[in-house]
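Q: Sending over a structure as structure tokens; questions will come in a sec.
The values are calculated or read from the model by the stated rules, or taken from the named source; none is laboratory data. No experiment lies behind these values; they were computed from the predicted model shown. All Cβ positions, glycine included, derive from the backbone under ideal geometry; neighbour counts span all protein chains shown.
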Amino acid sequence: MLNEYKFCPLCTDPLETKTIGGAERRQCTGKECGFVFWNNPTPVLAAITHRRDEVILIQAIGWPKHWYSLVTGFHEAGETAEEGVLREVKEEIGLNGTVQSLVGVYSFFEMNQIIIAYDVLVDDDDITLDTNEIVDYKIIKTQELKTWPSGTGQAAKDWLASQGIVNEELSFRKK
Ligand SMILES: [Zn+2]
């Protein structure tokens with residue numbers, strides 16, 4: 001990861017690895033530039049989309065056929081996290097929603113991401129998938145929602161627990 005960037009995005013001089021603030025970082029070799037690639041985690045917004053006693057899960061393009069997860073997307077510049085998560089819900093499944101609460105914040109080290117998960121109550125209209133990103137959806141009774149390993153699965157687990165529900169956790173290998 002650290003060696004991915006070879007040149008400075010500001011002045012195009014080469015980057016070099018240096019220890020800054022106790023960690024190895026890529027820094028610009030340009031004398032007057034000073035650019036440092038901090039490699040901070042990228043914020044990802046996630047929504048537990050629900051209405052009545054049902055939760056809506058989605059399957060993104062390229063996932064195995066038995067995988068369903070939360071609506072997620074990158075936090076864009078110029079929007080609040082709450083605005084961003086509602087934008088993603090609208091884009092991916094075509095529903096308007098309202099944020100009910102923050103479920104939690106979860107580290108996803110493998111992807112260098114930080115997942116910010118919200119409880120989103122969605123309206124009763126028909127679901128329209130963004131077919132550029134999503135191939136399928138699944139509606140599951142809240143009582144029957146099973147969780148899965150990973151940050152979004154932990155968010156689902158915490159959300160269920162807040163309603164007094166503890167269900168089986170799926171393995172990624174299970175068909
Ligand atoms: Zn530079």
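Q: Output the number of the condition that residue 18 fails; it satisfies all remaining conditions of (1) assigned to a strand (DSSP E or B); (2) more than 14 Å from the ligand (Cβ to nearest atom); (3) without any contact (Cβ under 8 Å) to a residue 40 or more places away in the chain.
A: So residue 18 meets the others, but not (2).
Q: Only one of (1) closer than 19 Å to residue 67 by Cβ; (2) hydrophobic (A, V, I, L, M, F, W, C); (3) at pLDDT 95 or above; (4) in contact with a Pro (Cβ under 7 Å, 6 or more places away or on another chain) is not met by residue 172, so which one is it?
A: (3)
Q: Yes or no: residue 83 assigned to a helix (DSSP H, G or I), modelled with pLDDT under 95, out of contact with any Leu (no Cβ under 9 Å at 6 or more places or on another chain) and over 14 Å from residue 57 (Cα atoms)?
A: no
Q: Please go through segment 1-30 and give me each residue that is farther than 25 Å from residue 113 by Cβ and among the polar types (S, T, N, Q), ordered by number.
A: 12, 29 - these are the residues of segment 1-30 that are farther than 25 Å from residue 113 by Cβ and among the polar types (S, T, N, Q).
Q: Sticking with this structure for a sec: Does residue 11 satisfy the criteria of being of a type outside the set (A, V, I, L, M), within 16 Å of the ligand (Cβ to nearest atom) and touching a Phe, Trp or Tyr at 6+ places or on another chain (Cβ under 8 Å)? Break it down into steps so the answer makes sense when it comes.
A: On the way: of a type outside the set (A, V, I, L, M): yes; within 16 Å of the ligand (Cβ to nearest atom): yes; touching a Phe, Trp or Tyr at 6+ places or on another chain (Cβ under 8 Å): yes.
Yes; evaluated as a whole, the condition is true for this residue.
Q: Looking only at segment 126-133, decide whether some residue is assigned by TED's automatic domain parsing to the domain that holds residue 82 and assigned to a strand (DSSP E or B).
A: no
Q: Moving to a separate point now. For segment 59-80, which positions are part of a strand (DSSP E or B) and under 21 Å from residue 42 (Cα atoms)?
A: 60, 69, 71, 72, 73, 74 - these are the residues of segment 59-80 that are part of a strand (DSSP E or B) and under 21 Å from residue 42 (Cα atoms).
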